[in-house]
Amino acid sequence: MAIECSDTGGGSGRSGRSGGTGGRQASDTASVTVSGASPPARLVPLLALACGSSVATVYFAQPLLVTLGERFALGSGLLGVIVTVTQLGYAVGLLALVPLGDLLDRRRLVTGQLGLLALALLAAGLAPGVAALLGALAVVGLLAVVAQTMVAAAAALAPPARRGRAVGTVTGGIVTGILLARAAAGVLADLAGWRAVYLASAGVTAVLALLLRRVLPPGAPSAGVREASYGRLVASTVALFVRHPLLRIRGALALLVFAAFSTLWSGVAQPLSGPPWSLSHTAIGAFGLAGAAGAVAAGVAGRWNDRGFAQRTPGAGLALLALSWLPIALTRQSLWALAVGAVLLDFAVQAVHVTNQTLIHAVRPDAGSRIIGGYMVFYSAGSSLGALGSSLAYAAAGWPAVTALGASFSLAALLLWATTRRTGLPGDNPAVERPRSASRRGGSGTLKDPDGRSAGVN
């Protein structure tokens, strides 16, 4: 199923078509190509804020795990279930909801999901028992994937020369949201109880939905995608990853990197809340701020990618990720060591993450929402694995076991990158986007992949 694009050259064969057809083609072209103009100056920062707020909802529970375990009678080995159920909901949303970004008007989709997310957060804050809490958190995870729809929107609205910077800015907002989620959750829990965390977030999310309704430009899907069924659109996400090795490799890297990330941040509440530190919710949440370097890394990595350093950035980041576990291992002896390790880990994770998203979007820009959604399934699976693994490791052998688990994930990611670093990169894989030329167009103006396939829902 092809996506039609109008010729900018204005050939005589095209000029003879009806105005209605030409109008439709112009609309389709606008939906699958990026104009030379940058998005409105206020839009990218607002998307970054909304992304951060949405993703934060997935991480509110991390500094509250011990309190939630006591409130709902969950043992230390089961605390990871609270994070895991949210991440599983997130994984389902990535496959079921994010592809809708290629099918529906992006403004309605984004604002609608934010409104529903506000309701789910309200339900979590009012949950009377553990079943209601876990159910509400699963729905929160399901709807929090709106952040990935907004990342895809930012990438689609930015011109190719500034796409890395736009993705870096929005991803930086996500990182900041994750960091502030822990700090804000800790402060609110100490001041007004854990329920206030989710109730306050519900109000913020509702306000952001209204703001984006006003400033986010509508984005109609292409004709080819509009004609596809929802089931075929979701299935095409899997087909894209089967077809392109770059997507599979970057997805596997995301799984391992975020397993390491979640191993630290889902497990650290237990040693910090017990002897010798016995820290409050506020203090535990504040440790998330030590990883603020991750927000810096997102912007830096975006600029490096725009300058052509996409091959080098992941290698340096993964080496740094593995080294970060050396100071993290000393958490019981020094809080400064934990802070240093957190800075290194968050910087490394986000540098790799931004590079991954920039590279995979270039494979098929017309399928940006589906590609980013499929990629983030790996992210969610890794986060779930790290959360559950860290709680089980801590219950079995304490913090040394958690450290060993995180280091193992990090070393596995470094090994994977070293053995596959050139697979699917520009110059090796014809699927990666290159500048348009006449040889890429069919006689009727149909946009085709370099290998001759039409760029449709496949």
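Please treat every number below as a calculation from the coordinates, not as lab data. Model, not experiment: these values are computed from the prediction. Every residue, glycine as well, gets a Cβ built from its backbone with ideal geometry; the counts of neighbours run over all protein chains shown.
Quick notes on this one:
- Net charge, Pro128 excluded, C-beta distance under 14 Å - Lys, Arg +1, Asp, Glu -1: +2
- Taking 0.36 nm per residue of separation and subtracting the current Cα-Cα distance, fully stretching the chain between Leu211 and Ser229 would add 3.4 nm.
- Annotation for region 327-352 versus region 129-201: alpha-carbon center distance of 22 Å.
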